[in-house]
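Colleague: The structure that follows is given in the form of structure tokens.
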Amino acid sequence: MKYKHLFFDLDHTLWDFERNCTETLTELYYHFGLEGHGIVSLETFIKTYLHRNEIMWEQYRYGNIDRDTLRNKRFDFVLYDLEIEASPDLTRALSEEYILRSPYKKNLFADTHEVLTYLKEKYVLHIITNGFRETQFLKMDSTGITGYFSEVILSEEVGWKKPDSRIFMYSLEKVGAVAAESLMVGDNLDVDIAGARGAGIDQVYFNPNRIRHRAETTFEIGALVELKGFL
Ligand SMILES: [Mg+2]
């Protein structure tokens with residue numbers, strides 16, 4: 001067996017970010033009566049958030065904004081994008097409620113438990129995430145997946161964020177692995193796949209929406225259960 005250590009990304013790879021985010025935003029929309037603030041529809045609110053959130057995560061990854069801006073200012077930008085005049089009290093309350101509620105959402109991608117149970121028998125499993133300690137552990141605990149993983153490597157504690165190859169090198173050293181026996185599973189071609197390749201680690205691109213791309217990846221899957229086919 002070539003591989004010994006499997007490293008997983010968490011958001012959008014095991015934890016179904018889009019579904020969990022949609023559930024949270026739906027609650028916030030009604031809780032804060034956002035239709036009364038001129039937001040045309042719940043769908044528009046969700047779409048705008050997902051778009052803006054992605055942009056801000058990318059800015060955070062490359063060091064253009066800090067953690068507090070990402071966490072606390074997201075809804076200022078979302079409401080700005082929607083051309084809604086909102087009070088700072090409202091945007092702050094939205095940010096706080098979002099952070100309070102979303103980590104407790106329980107949607108994982110299909111067969112996550114089954115696949116992790118299978119893999120844990122054969123490999124040592126770890127997480128490498130750019131997410132924050134307090135939210136990532138809540139997400140893992142509330143979905144019951146914490147026990148599958150030996151190490152959870154958080155970029156904010158390591159000091160380098162994916163795709164910086166140093167976080168991958170750090171992770172190998174931390175768990176006592178070598179690149180040739182390791183495999184990184186993630187949903188983001190730039191962050192997880194290119195990042196792992198830069199550190200000499202084979203990669204599995206999790207591509208549930210089957211987006212077309214030209215990137216080179218060691219493996220590609222559309223569903224987690226496909227991992228059992230070659231691992
Ligand atoms: Mg991800």
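Colleague: Can you tell me the orientation of helix 17-31 relative to the chain, as the angle in degrees between its alpha-carbon axis and the longest Cα principal axis, to the nearest 10?
Modeller: Around 20 degrees separate the two axes.
Colleague: Top mean-square fluctuation among VAL115, VAL40, VAL204, Gaussian network model of the chain, C-alpha springs under 10 Å?
Modeller: Result: VAL40 has the largest fluctuation of those listed.
Colleague: Please arrange MET184, MET1, MET140 by counting, for each residue, the other beta carbons lying within 10 Å of its beta carbon, fewest first.
Modeller: Final ranking by Cβ density, sparse to dense: MET1, MET140, MET184.
Colleague: With all distinct Cα pairs included, what does the Kirkwood hydrodynamic radius of segment 17-104 come out to in Å, to one decimal, could you say?
Modeller: One over the average 1/r among Cα pairs gives 13.0 Å for segment 17-104.
Colleague: To the nearest 20 debye, what charge dipole does the chain have about its Cα centre, counting +1 at the Cβ of each Lys and Arg and -1 at the Cβ of each Asp and Glu?
Modeller: 620
Colleague: Still on this structure, I have one more. For segment 46-109, state which GluC sites (Glu not before Pro) are in a DSSP loop and have at most 16 other beta carbons lying within 10 Å of their beta carbon.
Modeller: GLU83, GLU85
Colleague: Of PHE17, PHE7, PHE32, how do they rank once you tally other Cβ atoms within 10 Å and put the fewest first?
Modeller: PHE32, PHE17, PHE7
Colleague: Further question: What's the exposure ranking of GLU121, GLU173, GLU35, going from fewest to most Cβ atoms within 10 Å? Spell out each step's value before the answer.
Modeller: Working: GLU121 7, GLU173 10, GLU35 13.
Fewest to most other Cβ atoms nearby, the residues stand as GLU121, GLU173, GLU35.
Colleague: Could you point to the residue in PHE109, THR44, VAL124 farthest towards the positive end of the chain's charge dipole, with +1 and -1 charges on the Cβ of Lys/Arg and Asp/Glu respectively?
Modeller: Projecting each Cα onto the dipole axis, the largest value belongs to VAL124.
Colleague: Which order do peptides 188-195, 208-215, 147-154 fall in by mean Cβ count within 10 Å, highest first? If you can, show how the numbers build up before the last one.
Modeller: Details: 188-195: 21.8, 208-215: 9.2, 147-154: 16.5.
Ranked by mean Cβ neighbours within 10 Å, highest first: 188-195, 147-154, 208-215.
Colleague: May I pose another question? Applying the Karplus parametrisation 6.51 cos²θ - 1.76 cosθ + 1.60 with θ = phi - 60° to the phi angles of segment 179-190, what ³J(HN,Hα) value in whole Hz is obtained for each residue in order, glycine and proline being reported as x?
Modeller: In residue order, the calculated couplings are 4, 5, 9, 10, 9, 10, 10, x, 9, 10, 5, 6 Hz.
Colleague: For helix 133-143, what angle does its Cα long axis make with the longest principal axis of the chain, in degrees from 0 to 90 and rounded to 10?
Modeller: Taking the Cα atoms of the chain, the angle to 133-143 is about 80 degrees.
Colleague: Same structure again: Between THR26 and HIS51, how high is the FRET efficiency from 1/(1 + (r/R0)^6) when r is the Cβ-Cβ distance and R₀ = 22 Å? Nearest 0.05. List each step's numbers first, then the result.
Modeller: Numbers: r = 17 Å, r/R0 = 0.77.
In this case the efficiency is close to 0.85.
Colleague: If you don't mind, there's one more thing I want to ask. Which of the trypsin sites (Lys or Arg not before Pro) found in segment 1-45 are loop residues per DSSP with 15 or fewer other Cβ atoms within 10 Å of their Cβ? Don't jump to the answer; show the numbers that get you there.
Modeller: Details: sites: LYS2, LYS4, ARG19; in loops: LYS2, LYS4.
Filter output for segment 1-45: LYS2.
Colleague: Still on this structure, I have one more. So if R0 is 30 Å, what FRET efficiency would GLU220 and GLU85 give, r being the distance between their Cβ atoms, rounded to the nearest 0.05?
Modeller: 0.10
Colleague: Taking the Cα centre of segment 1-73 as the origin, how large is its charge dipole in debye, to the nearest 20, when only Lys and Arg (+1) and Asp and Glu (-1) carry charge on their Cβ atoms?
Modeller: 360
Colleague: List the lysines whose alpha-carbon lies under 16 Å from that of LYS228, not counting same-chain residues fewer than 8 positions away?
Modeller: LYS2, LYS4, LYS120, LYS122
Colleague: I would also like to ask the following. Return the lysines within reach of LYS73: Cα separation strictly under 29 angstrom, same-chain partners fewer than 8 residues apart disregarded; answer none if there are no such residues.
Modeller: Partners within reach: LYS47, LYS105, LYS106, LYS139, LYS161, LYS162.
Colleague: Taking 2.2 N^0.38 Å as the expected size of a compact globular protein, what ratio does the Cα radius of gyration of the chain give against it, to two decimals?
Modeller: 1.05
Colleague: Output the 0 to 90 degree angle, nearest 10, between the alpha-carbon long axis of helix 42-61 and the longest principal axis computed from the alpha carbons of the chain.
Modeller: For helix 42-61, the angle is close to 50 degrees.
Each reported figure results from applying straightforward, stated rules to the coordinates on display, with no laboratory input. Bear in mind the structure is a predicted one, so any value in this text is a computation, not a measurement. In this analysis, Cβ positions are derived from the backbone assuming ideal geometry, glycine residues included, and neighbour counts consider all displayed protein chains.
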